[in-house]
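Take a look at the structure below.
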Amino acid sequence: MKQSFEDGNGRTGKLLINYELLKNDLPPVVIAKEDRVKYFEFLRNNDSNGLAEWLKDLSK
C-alpha cells in the first residue's frame, strides 16, 4: 500500500520542534491552522529567536 504525505517536511519540522521543547522541559505545542502564516513567516525570515519566543508563548 502506497501512502502520500503532502506535508511531510512540515510534519517533520513540527515534530522536531516538539522534541526540542520536551527535551528542555517545555510542553509541546500545536500550531493551529490560523497560526500557520505566522509560523511560515518566522521560517521564511530565518527568525529563530522570534520563533523560539513565539513557541514559548504557545506552550503556556
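Among the candidates Leu26, Leu21, Leu58, Leu51, the residue that is among the hydrophobic types (A, V, I, L, M, F, W, C), in contact (Cβ under 8 Å) with a residue 12 or more places away in the chain and touching a Lys or Arg at 6+ places or on another chain (Cβ under 8 Å) is uniquely Leu26.
Quick one: how many residues across the range 24-50 are among the charged types (D, E, K, R) and not in a helix (DSSP H, G or I)? Give the steps one after another, and end with the answer.
Kept after step one, since they are among the charged types (D, E, K, R), are these residues of the range 24-50: 25, 33-36, 38, 41, 44, 47.
From what's left, not in a helix (DSSP H, G or I): 25, 47.
Residues meeting the conditions: 2.
Read-outs throughout are calculated quantities, based only on the coordinates presented, and are distinct from any laboratory measurement. Being a predicted model, the structure only gives us computed values, none of them experimental. In this analysis, Cβ positions are derived from the backbone assuming ideal geometry, glycine residues included, and neighbour counts consider all displayed protein chains.
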